[in-house]
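Scroll down for the structure; my scribbles are underneath it.
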There are 2 protein chains.
Amino acid sequence: MAGRRRQAVTIQDVARAAGVSRAAVSKVIRDAAGVSPAMRARVNAAIEELNYRPSVAARALRGASYTLGLEVPHLGNRFLTQIVDGALAALEGTRYQTIIAPADGREGYGAIEALADRQVDGIVVVSPRVDASWLERLAGSVPVVMLGRHHRSVHYDTVVGDDLAGTGQVMDYLLGLGHRSIVHLTEDFAVTTPGSGVPHALRLQGYEEAMTAAGLKDRIRVVRTGQTEEHARATVDELLDTRPWPTAVFAGHDQLALGALAALVERDALGEISLIGYDNTDLAAHPAISLSSVDQHGTEMGRRAIAMLLERIAGRDEAQHHVITPSLTVRRSSGPPPTR
Amino acid sequence: MAGRRRQAVTIQDVARAAGVSRAAVSKVIRDAAGVSPAMRARVNAAIEELNYRPSVAARALRGASYTLGLEVPHLGNRFLTQIVDGALAALEGTRYQTIIAPADGREGYGAIEALADRQVDGIVVVSPRVDASWLERLAGSVPVVMLGRHHRSVHYDTVVGDDLAGTGQVMDYLLGLGHRSIVHLTEDFAVTTPGSGVPHALRLQGYEEAMTAAGLKDRIRVVRTGQTEEHARATVDELLDTRPWPTAVFAGHDQLALGALAALVERDALGEISLIGYDNTDLAAHPAISLSSVDQHGTEMGRRAIAMLLERIAGRDEAQHHVITPSLTVRRSSGPPPTR
DNA sequence: CTGAAAGCGCTAACAG
DNA sequence: CTGTTAGCGCTTTCAG
């Protein structure tokens, strides 16, 4: 019931047109050795003429699909844009193509499996909510690079930002400015469990450590919310119902920060409360937003992930783990605490 | 050199384990008729046991890949999020999977071809800069739905917003408020050529018609810029160098509007100049932005596109063209012109 | 340097 | 209801 009308000019047709064997054509399109220039020319002419395109499916059945898969969480996540841009840039000039599979539900299992089923030559996993041992197993059958996971597998590579360092920069900055009442806005436990290796867990940990080191252990205040901007907005709005207000909010990522910003703007509290996000998504720089945020260099992350995948495909066998140092970008959303 | 380690449990293995023929297994996984309950049970057990997953490549070679391809321009485009969300929702519960191929360069040819090469069962094309006749040819070999193209093909379906209506709403609103000096901010000619069927061309046309109808033909002022926020920002900034300022700016899409907003904010001109965008992307609603914008109902567009593709795959043969009526959402970025 | 032949994993007639 | 048999389009030995 599906997929007819394959007008399909096949390798056979090309061979016929060029008056050679299928094998010869195959060699030409793969740039394999052992073809005379004359034959190559004739074959290429026929290919051009017939507008022939090799079937990736047939190819994948034998060898490689020359396709890399990128599993991503919800596309609304701006940070992804950076990663995808980097990945695409890294692929330029290679014969590989990337396809993106957006996570279906909360997790990305379905999407990842869909990629594997499609015989991609390698997979970059971005969704944080996938089980490490499950990935480990997957990595046994296809090269995998996991983005943003601190856990170090032996079977797959990782590219991750130094979340402790990033958080440290934020906290040094805020504490240095004189802030004492700093709230950390983050997501639910599923993603912040200590030891899970999920970035948010480390950011939380870094926050708590910095507060403790500053002698503010009893002022630690972690507020959890859902992963959307709306959730963050409602949560922060509620937070502002009770005084005293904190003097600073450190959000686990920019989407949360944008939600927080919405609440602050509506309460006209932006002058009193500093706000810092994480990811430095494109919007942070917009003058109407001007959000201080930690730049994770997502483009570089995407680029590295693809580079590592390509290495794996080319034969590398030991796992590699790449850490990228983030940097805080200060904008108008943060400053010294209000003086009384 | 690529794609080894296919631990590959094949249909053969399952057949062996269940003590039946490959055909039997095939029937079970396809839910085809002619299998005894007993056999079905045994086969399913074996599938479970071996953790078997059918190879999409092998399947595609014979029949369908059960994969739909979505070609999209740059992922930074927020409007896409709506479309993809709608598409994913429409696919829920079907056996189809979507893969996204981001346009490589300016156009989307490479990405579209990549999808076709991968034997997808249908393609949704979003990039506006693809040649209609090229698409026509493609549509001869695989079902195609084109988003946001007014041109009516006989071979592929289209889903498009009623851009004249949307523009009409904007202009009625602005003119009704008393605006006379209204600038239209749009992209370069490649995408605004009259008759091209590209939405931006119609928005431009609608703008000119509305101005003319209001007796403001000589106040028509079209400003062209690049497609990024940065371009729009610089262009509008330059625009503000010379007085008198317009009292309203109607941007061709939200990204341009955001750039314009940046320039207005920096010049502190927001009180004097009304700004309206198009697409009603998620950011427009943010209180720090609060951009008036035309909602194209992208989610519905994505949903329809997939529905139509599924119909085509199921056998429909005549082209169908679906038009969605947009609606203007007014926010704080627009209001009456300043009174002197 | 060139071509014949044997599959890759699966589906789709067709026979039993 | 079940199994046998041909391929789908391509790559890849292996002879010529």
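The values are calculated or read from the model by the stated rules, or taken from the named source; none is laboratory data. As the structure is a computational prediction, the values presented were derived from the model and not from experiment. Backbone-built Cβ (ideal geometry, glycine too); neighbour counts: all protein chains shown.
Name the one entry in A:GLY63, A:GLY110, A:GLY86 that is at pLDDT below 90 and surrounded by fewer than 23 Cβ atoms within 10 Å (Cβ to Cβ).
None of the other options fit; the residue is A:GLY63.
Please work out which one of (1) outside any helix (DSSP H, G or I); (2) buried (at least 18 other Cβ atoms within 10 Å of the Cβ); (3) hydroxyl-bearing (Ser, Thr, Tyr) is the condition A:THR94 fails and give its number.
(2)
Identify all residues within the range B:26-35 that are surrounded by 14 or more Cβ atoms within 10 Å (Cβ to Cβ) and assigned to a helix (DSSP H, G or I); write none if there are none.
Residues satisfying the conditions are B:SER26, B:LYS27, B:VAL28, B:ILE29.
Residue by residue, here is whether (1) within 30 Å of A:GLY298 (Cα to Cα); (2) near DNA strand D (Cβ under 10 Å from one of its atoms) holds:
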site	(1), (2)
A:ALA8	no, yes
A:VAL20	no, no
A:ASP31	no, no
A:SER55	no, yes
A:VAL72	yes, no
A:ARG78	yes, no
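Given the structure, is A:ALA38 of a type outside the set (Val, Ile, Thr), near DNA strand C (Cβ under 9 Å from one of its atoms) and at pLDDT below 90?
Answer is yes for this residue.
Quick test of your reading of the structure: A:ASP85 fulfils all but one of (1) under 14 Å from the mean Cα position of the chain (by Cα); (2) acidic (Asp, Glu); (3) within 16 Å of DNA strand D (Cβ to nearest atom). Name the failing condition by number.
(3)
Within the range B:10-18, identify whether any single residue is modelled with pLDDT of 90 or more, facing another protein chain (nearest Cβ under 10 Å) and within 9 Å of DNA strand C (Cβ to nearest atom), and answer yes or no.
No, the conditions are met nowhere in the range B:10-18.
Can you pull out the residues in the range A:271-303 that are under 26 Å from A:THR339 (Cβ atoms), assigned to a strand (DSSP E or B) and within 22 Å of the chain's Cα centre (by Cα)?
Matches in the range A:271-303: A:ILE276, A:GLY277, A:SER292, A:SER293.
Might you check whether a residue that is of a type in the set (Val, Ile, Thr) and in contact with a His (Cβ under 6 Å, 6 or more places away or on another chain) occurs anywhere in the range A:97-115?
The answer is no; no qualifying residue exists.
Are any residues in the range B:274-303 buried (at least 24 other Cβ atoms within 10 Å of the Cβ), within 14 Å of another protein chain (Cβ to nearest Cβ) and of a type in the set (A, V, I, L, M), and if so, which ones?
B:LEU275, B:LEU283, B:ALA284, B:ILE289, B:LEU291
For the subset of the range B:304-340 comprising residues that are surrounded by fewer than 18 Cβ atoms within 10 Å (Cβ to Cβ) and within 14 Å of chain A (Cβ to nearest Cβ), which member is nearest to B:VAL124 (Cα to Cα)?
Among those that are surrounded by fewer than 18 Cβ atoms within 10 Å (Cβ to Cβ) and within 14 Å of chain A (Cβ to nearest Cβ), it is B:GLU311.
For the range B:128-140, give me each residue that is loosely packed, with under 15 Cβ neighbours inside 10 Å and not in a helix (DSSP H, G or I).
B:ASP131, B:GLY140
If A:GLY93 meets every condition in (1) within 16 Å of DNA strand D (Cβ to nearest atom); (2) on the phi > 0 side of the Ramachandran plot; (3) out of contact with any Asp or Glu (no Cβ under 7 Å at 6 or more places or on another chain) apart from one, which number is that one?
With (1) within 16 Å of DNA strand D (Cβ to nearest atom); (2) on the phi > 0 side of the Ramachandran plot; (3) out of contact with any Asp or Glu (no Cβ under 7 Å at 6 or more places or on another chain) applied to A:GLY93, the lone miss is (1).
Are any of the residues in the range A:105-127 within 9 Å of another protein chain (Cβ to nearest Cβ), within 30 Å of A:ALA257 (Cβ to Cβ), out of contact with any Phe, Trp or Tyr (no Cβ under 7 Å at 6 or more places or on another chain) and not in a helix (DSSP H, G or I)?
Checked against the condition, which is being within 9 Å of another protein chain (Cβ to nearest Cβ), within 30 Å of A:ALA257 (Cβ to Cβ), out of contact with any Phe, Trp or Tyr (no Cβ under 7 Å at 6 or more places or on another chain) and not in a helix (DSSP H, G or I), the range A:105-127 yields no hits at all.
Within the range A:45-52, does at least one residue satisfy the condition of being of a type in the set (Gly, Ala, Ser), away from DNA strand D (no atom under 16 Å from the Cβ), in contact (Cβ under 8 Å) with a residue 24 or more places away in the chain and over 22 Å from B:ASP104 (Cβ atoms)?
Yes, there is a match, as at least one residue in the range A:45-52 is of a type in the set (Gly, Ala, Ser), away from DNA strand D (no atom under 16 Å from the Cβ), in contact (Cβ under 8 Å) with a residue 24 or more places away in the chain and over 22 Å from B:ASP104 (Cβ atoms).
Suppose we keep only residues that are more than 8 Å from every other protein chain (Cβ to nearest Cβ) and assigned to a loop (DSSP other than H, G, I, E, B) within the range A:36-73. Which one would you say is farthest from B:LEU80 (Cα to Cα)?
Top of the filtered list is A:SER36.
Look at the range A:11-25 and say how many of its residues are within 21 Å of A:ARG95 (Cβ to Cβ) and surrounded by fewer than 17 Cβ atoms within 10 Å (Cβ to Cβ).
Adding up the residues that qualify gives 2.
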